[in-house]
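Here the structure is laid out as structure tokens; the discussion comes afterwards.
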Amino acid sequence: MRETILFSARLRLDPNLGLSQADVKRLVEKIIDTVELTCKRNSVVGLDKDDGLSFAEKKRLSIAVELAASPSVLFLDEVRPGPIQNQPPCNISHIVF
């Protein structure tokens, strides 16, 4: 799962940002922690639920892949359970970055 987010970050981050590979890896680890996938960071995407990711974890992975591109704006169509759910919109960006 970490590899999926890292691939997105390497492919989509602006090279003019001047981020080293270590910086990119730190960003990916922060994103994994933010979307609460820490215990699944080494899981293989696409395996059955027992060995892979649940439906909710796959949704969070999709959000993580988008966050890895460091978007200016991120539109989400529903609030997921967890630390973001009860936050006012102005605080969500502080949780993510």
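What follows is calculated from the coordinates using simple rules that are stated; it is not laboratory data. Computed from a predicted model, the values in this text were never measured in an experiment. With ideal geometry, Cβ positions are generated from the backbone for all residues, glycine too; neighbour counts draw on all protein chains shown.
Taking residues in segment 13-39 that are over 16 Å from Glu3 (Cα atoms), and partners anywhere that are loosely packed, with under 15 Cβ neighbours inside 10 Å and among the aromatic types (Phe, Trp, Tyr), the pairs with Cβ atoms closer than 9 Å and at least 6 places apart or on different chains are Thr34/Phe97.
Residues are listed down the side, and each one gets a yes or a no for (1) under 16 Å from Leu61 (Cβ atoms); (2) touching a His at 6+ places or on another chain (Cβ under 9 Å); (3) of a type outside the set (A, V, I, L, M, F, W, C):
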{"position": "Arg2", "(1), (2), (3)": "yes, no, yes"}
{"position": "Leu6", "(1), (2), (3)": "yes, no, no"}
{"position": "Gln21", "(1), (2), (3)": "no, no, yes"}
{"position": "Val24", "(1), (2), (3)": "no, no, no"}
{"position": "Ile32", "(1), (2), (3)": "yes, no, no"}
{"position": "Cys39", "(1), (2), (3)": "yes, no, no"}
{"position": "Val45", "(1), (2), (3)": "yes, no, no"}
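Tell me which residues, restricted to segment 1-39, are aliphatic (A, V, I, L, M) and assigned to a helix (DSSP H, G or I). Across segment 1-39, the qualifying residues are Ile5, Leu6, Ala9, Leu11, Leu17, Ala22, Val24, Leu27, Val28, Ile31, Ile32.
Of the residues making up segment 7-56, those that are aliphatic (A, V, I, L, M) and over 12 Å from Ala69 (Cβ atoms) are Leu19, Ala22, Ile32, Val35, Leu37, Val44, Val45, Leu47, Leu53, Ala56. When the residues of segment 40-68 are narrowed to those that are part of a loop (DSSP other than H, G, I, E, B) and touching a residue at least 12 places away in the same chain (Cβ under 8 Å), which ends up nearest to the chain's Cα centre (by Cα)? Checked segment 40-68; the qualifying residue nearest to the chain's Cα centre (by Cα) is Ala68.
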